[in-house]
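Comments concern the structure below.
The values are calculated or read from the model by the stated rules, or taken from the named source; none is laboratory data. Because the structure is predicted, anything quoted here is derived from the model rather than measured. Cβ coordinates were reconstructed from backbone atoms using ideal geometry, including for glycine residues, and neighbour counts include every protein chain displayed.
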Amino acid sequence: MELKETEINEMNFQRISLELQSNLDLIMDENLQLAKNINTESIIPLINSIQESERIFLVATGRSGLALRGAAMRFMHLGRSVFVVGDTTTPAIRKNDLLIAASGSGTTSLIVKAAEKASALGVKIVALTTAPLSPLAKLADHTVFIPAAGKQETGGDKSKQFAGSLFEQFLLLLMDVVFHSLWKLEGKPAEELWERHANLE
């Protein structure tokens with residue numbers, strides 16, 4: 001018996017729906033597993049560095065860069081002086097500033113060069129990477145090791161996602177954890193943070 005077109009469409013809809021749910025479960029499960037494996041004590045020096053620094057500079061490329069831009073916005077809400085490296089309004093970095101540099105591989109040339117310049121100026125550097133022995137990690141004063149799969153690690157136990165997706169996703173979550181922790185430590189009301197939110201929208 002031939003299936004009607006509406007029945008075929010319904011079958012495809014159900015199949016795709018199940019596939020979407022499976023993919024959502026995979027991504028959530030991988031991030032939850034990573035959250036259990038990361039050393040939360042390694043995040044404390046990052047929080048301390050943010051509190052002690054005059055200004056915060058963030059540098060990353062690609063999707064990691066998008067994650068750090070989200071963090072920059074949240075630090076602005078806390079009242080921090082924060083800049084994203086590469087923006088036209090980003091000033092020169094100084095000794096009492098902090099550079100937060102993210103690179104899954106720890107070898108991204110733009111990120112490593114920025115860290116080299118910052119290091120030469122005596123700037124404190126915190127690296128966020130999957131590679132604790134990478135050039136970026138070696139330049140950093142402190143490294144937060146994110147045990148996710150690297151971009152070229154496919155089919156392994158760390159992640160079934162494409163390229164560095166897990167690192168990039170978790171980077172966003174991690175920086176939100178840092179923001180939330182700072183917010184609670186400082187005890188500022190949400191209304192105060194909201195007053196700094198962009199109003200030219």
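Against the definition (assigned by TED's automatic domain parsing to the domain that holds residue 104 and either without any contact (Cβ under 8 Å) to a residue 60 or more places away in the chain or basic (Lys, Arg) (or both)), how does residue 140 come out, yes or no? Here the answer is yes, as residue 140 does meet what is asked. Within the range 78-119, being part of a loop (DSSP other than H, G, I, E, B) and acidic (Asp, Glu) holds for 87, 97.
Going by the conditions given, is residue 54 among the acidic types (Asp, Glu), surrounded by 12 or more Cβ atoms within 10 Å (Cβ to Cβ) and either touching a residue at least 12 places away in the same chain (Cβ under 8 Å) or not assigned by TED's automatic domain parsing to the domain that holds residue 130 (or both)?
Working: among the acidic types (Asp, Glu): yes; surrounded by 12 or more Cβ atoms within 10 Å (Cβ to Cβ): no; either touching a residue at least 12 places away in the same chain (Cβ under 8 Å) or not assigned by TED's automatic domain parsing to the domain that holds residue 130 (or both): yes.
Taking the combined requirement at face value, the residue does not satisfy it.
Please tell me if residue 151 is more than 18 Å from residue 76 (Cβ to Cβ) and in a helix (DSSP H, G or I). So residue 151 does not fit the description; no. Restricting the range 129-163 to residues that are small (Gly, Ala, Ser) and in contact with a strand residue (DSSP E or B) (Cβ under 9 Å, 6 or more places away or on another chain), the residue that is nearest to residue 107 (Cα to Cα) is 134. Mind checking whether some residue in the range 40-49 is touching a Leu at 6+ places or on another chain (Cβ under 6 Å), of a type in the set (Gly, Ala, Ser), crowded, with 22+ Cβ neighbours inside 10 Å and closer than 25 Å to residue 186 by Cα? Checked against the condition, which is being touching a Leu at 6+ places or on another chain (Cβ under 6 Å), of a type in the set (Gly, Ala, Ser), crowded, with 22+ Cβ neighbours inside 10 Å and closer than 25 Å to residue 186 by Cα, the range 40-49 yields no hits at all. Any chance you could count how many residues in the range 120-137 are of a type outside the set (Gly, Ala, Ser) and either assigned to a helix (DSSP H, G or I) or assigned by TED's automatic domain parsing to the domain that holds residue 30 (or both)? Looking only at that region, the number is 2. Restricting attention to the range 155-168, does a residue exist that is more than 26 Å from residue 73 (Cβ to Cβ) and surrounded by 23 or more Cβ atoms within 10 Å (Cβ to Cβ)? Scanning the range 155-168 turns up at least one residue that is more than 26 Å from residue 73 (Cβ to Cβ) and surrounded by 23 or more Cβ atoms within 10 Å (Cβ to Cβ).
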